Amino acid sequence: MRLARPVVFGNWKMNGLRAESLALAGTLAERAVRLTGTVGVFPPFTLIHAVAQRVRGSGILVGGQDCHEKASGAYTGCIAAPMLADAGATAVILGHSERRHGLGETDALVRAKLVAARAAGLLVVLCIGETEAEYLAGARSARLRAQLDGSLPEGIGPEGLVVAYEPVWAIGTGRTPTAEEIRATHGEIRELLARRIVGGEAVPLLYGGSVKPDNAGEIMALADVDGVLVGGASLDARSFWTIYQAGGGA
Ligand code: 13P
């Protein structure tokens, strides 16, 4: 599946109860009359089914924010990739920094989850990003290379894969790298993917971290930025749609 640009995904994180989330999904579905780009929302597990039903026919993708590396079994409290697909999800975010850093997920675990997600037919949004300490130490490139090396299975193809660059220090802080830093980093990631994956230069690259209506246009105009992964601003229909339109989406 080739994703039309701009690719604008909303990570709702652990936010929203049923009524407000379905209202948000309904407003987005109404705006998505004939999508020229790719729009997706990633609600909490409990709302995936209802949100998928609400946006059905609009072209808006619905995804999970994580999945387990096994397809089923005695893993209390976990959600398997086939369960996401069964609930109506067609995508999943993996390796988000809030899971890598908050919950101790390793590259090896992310890789195993990626294999499971692909086996279930899900589009994978693989998140990578350096911490502030790594950024200040000039270790960004090394960290991103290590995360890609460790998180991508051997022999993986470019289909069904999206990579999101989310500097940990830019998430929820209102701070972003400069446009030039984002451009340069995305160029590096594009090269790394081209070397690692046959056809890897075609993998869509998203920027994430404090994307708002007022900076989205500049960011999405940069070379090698195919779209954005939005956190806080995706919880408001107007902000999220303004971001999508700022990237040229209609
Ligand atoms: P914010 O847009 O709230 O900074 O979150 C970004 C993010 O983590 C998206 O996955």
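How many residues are farther than 15 Å from THR242 by Cα and of a type in the set (Ser, Thr, Tyr) when one looks only at region 11-52?
2
Exactly one of these conditions fails for THR173: (1) buried (at least 19 other Cβ atoms within 10 Å of the Cβ); (2) β-branched (Val, Ile, Thr); (3) out of contact with any helix residue (DSSP H, G or I) (no Cβ under 6 Å at 6 or more places or on another chain); (4) farther than 26 Å from GLU154 by Cα. Give me its number.
(1)
Looking at region 61-70 only, could you name the residues that are under 16 Å from LEU123 (Cα atoms) and not in a strand (DSSP E or B)?
GLN65, ASP66, CYS67, GLU69
For THR178, all conditions in the list (1) farther than 18 Å from ALA223 by Cβ; (2) surrounded by fewer than 13 Cβ atoms within 10 Å (Cβ to Cβ); (3) out of contact with any helix residue (DSSP H, G or I) (no Cβ under 7 Å at 6 or more places or on another chain) hold save one; what is the number of the exception?
So the condition that THR178 fails would be (1).
Spot the failing condition for SER58; the list is (1) in a helix (DSSP H, G or I); (2) more than 16 Å from the ligand (Cβ to nearest atom), and only one is missed.
With respect to (1) in a helix (DSSP H, G or I); (2) more than 16 Å from the ligand (Cβ to nearest atom), SER58 is out only on (1).
Report yes if GLY227 is within 16 Å of the ligand (Cβ to nearest atom) and in contact (Cβ under 8 Å) with a residue 60 or more places away in the chain, otherwise no.
yes
Within region 181-192, how many residues turn out to be farther than 15 Å from GLY209 by Cβ and either surrounded by fewer than 18 Cβ atoms within 10 Å (Cβ to Cβ) or among the hydrophobic types (A, V, I, L, M, F, W, C) (or both)?
Total satisfying the criteria: 5.
Identify, from the list ALA71, ALA50, the residue that is away from the ligand (no atom under 16 Å from the Cβ), over 17 Å from VAL163 (Cα atoms) and in contact with a Pro (Cβ under 6 Å, 6 or more places away or on another chain).
The unique qualifying residue is ALA71.
Please work out which residue is modelled with the lowest pLDDT, limiting yourself to region 30-46 and to residues that are surrounded by fewer than 23 Cβ atoms within 10 Å (Cβ to Cβ) and hydrophobic (A, V, I, L, M, F, W, C).
VAL33
From the residues in region 230-250 that are in a loop (DSSP other than H, G, I, E, B) and more than 10 Å from the ligand (Cβ to nearest atom), which one is nearest to GLU181 (Cα to Cα)?
If we take residues in region 230-250 being in a loop (DSSP other than H, G, I, E, B) and more than 10 Å from the ligand (Cβ to nearest atom), then GLY247 is nearest to GLU181 (Cα to Cα).
Restricting the search to region 1-39, which residues are outside any strand (DSSP E or B) and within 16 Å of the ligand (Cβ to nearest atom)?
Matches in region 1-39: PRO6, TRP12, LYS13, MET14, ASN15, GLY16, LEU24.
Go through region 193-224 and count every residue that is in a helix (DSSP H, G or I), within 16 Å of the ligand (Cβ to nearest atom) and surrounded by fewer than 21 Cβ atoms within 10 Å (Cβ to Cβ).
So the count comes out to 5.
Would you mind stating whether ALA87 is touching a His at 6+ places or on another chain (Cβ under 6 Å) and touching a residue at least 24 places away in the same chain (Cβ under 8 Å)?
Judged against the criteria, ALA87 is a match.
How many residues does region 120-145 contain that are in contact (Cβ under 8 Å) with a residue 40 or more places away in the chain and closer than 17 Å to GLY95 by Cβ?
Of the residues in region 120-145, 10 are in contact (Cβ under 8 Å) with a residue 40 or more places away in the chain and closer than 17 Å to GLY95 by Cβ.
Count, please, the residues in region 136-167 that happen to be closer than 16 Å to VAL125 by Cα and surrounded by 15 or more Cβ atoms within 10 Å (Cβ to Cβ).
So the count comes out to 16.
The values are calculated or read from the model by the stated rules, or taken from the named source; none is laboratory data. Bear in mind the structure is a predicted one, so any value in this text is a computation, not a measurement. All Cβ positions, glycine included, derive from the backbone under ideal geometry; neighbour counts span all protein chains shown.
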